[in-house]
Structures are given as structure tokens and as C-alpha cells.
Amino acid sequence: MGMMLRCGSRRWCVVGMLAAVTLVLVAAARPAVSASPTVQLGLASWYGPGFHGEETASGEIFDQREMVAAHRSLPLGSVVRVTNLENQRRVVLRVIDRGPYGRNYRKGTIIDVSKGAARRLGFVRDGLVRVRVEVLRFGAKPAGRIPG
């Protein structure tokens with residue numbers, strides 16, 4: 001017959017189950033990062049029309065047709081290769097902005113790519129796709145802009 005687990009009290013069984021479920025959910029919500037700091041696995045989203053023509057964190061004006069991206073921690077100016085893990089399409093992008101944030105970040109999004117890059121990667125319609133991000137060259141960390 002099957003093995004039966006016994007708990008001292010029902011309350012401790014429920015607490016143990018809730019703790020286990022919480023650990024699984026926390027682990028699943030965080031983007032997977034490989035042993036190498038130059039390779040990340042996670043989701044990519046794209047951004048475009050609402051930011052087209054606006055200044056990015058690097059000071060460049062965002063053009064949704066360019067091969068550029070936003071990343072939360074890579075130095076601005078870094079060059080990355082993004083591979084769509086569903087169709088193996090790849091693009092090389094420059095990191096010029098910060099992001100992703102909000103709902104997509106909480107879902108595991110590790111990079112926002114321009115609409116032009118998303119088109120080449122083949123996921124404009126889907127909005128999100130599993131990707132591998134490989135750092136080809138680290139950019140120089142900005143000294144910071146002086147407002148005004």
C-alpha cells in the first residue's frame with residue numbers, strides 16, 4: 001500500500017505544506033541565471049510605440065526600429081546576443097535603457113527589446129518569449145548625467 005505521512009497535528013501539516021508551496025512559487029518567479037554571469041535565461045518582452053522618440057537612461061533617443069534593449073543591471077552600452085529559445089532566431093542588441101519593470105518583470109522578464117528586435121526574433125504578436133541573453137561585450141558604467 002501507499003506510504004502515509006503522519007503529522008503531530010493538522011496545524012503543523014498545513015504550515016509545512018504552505019511553506020513548501022511558497023518556496024516553489026518564489027523559485028519559479030525568479031529568472032533562471034546560469035553559472036556564468038554572462039548568460040541569463042528568462043523571458044523577453046518588447047517595447048516600442050509609447051517610448052518611441054523619448055530619452056533613454058543612456059541619454060539616447062529611443063527608436064523602436066533600432067536593435068536596442070533595456071536591462072535592469074547590465075552596464076549601459078553593453079552588447080548582448082538574444083536568442084529566442086522557441087525558434088532559435090538571434091539578434092545582437094545594445095543596452096541603452098533600464099527595465100523591465102512592473103508585471104512583466106514579476107513574470108520573469110529579464111530584458112525588454114525594441115519592437116524591431118522583437119520582429120526579428122519573431123514574437124511581436126506573442127509579447128513574451130523564453131530567451132537566452134549572452135553578454136558579448138560589457139559597456140562602460142555611466143558616471144551619471146547632470147540634470148538640466
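Please treat every number below as a calculation from the coordinates, not as lab data. Quantities reported herein were computed from a predicted structural model and do not represent experimental measurements.
Structure notes:
- Column: log10 I(q)/I(0), Debye, Cα scatterers of region 56-148, q = 0.17, 0.18, 0.19, 0.20 Å⁻¹: -0.69, -0.78, -0.86, -0.95
- Amide hydrogen proximity for Val129: with H placed 1.01 Å from N in the peptide plane, the residues at 5 or more positions away or on another chain lying under 5 Å are Ala44.
- Extension gain for the segment Gln88 to His52, taken as residue separation times 0.36 nm less the Cα-Cα distance, is 10.2 nm to one decimal.
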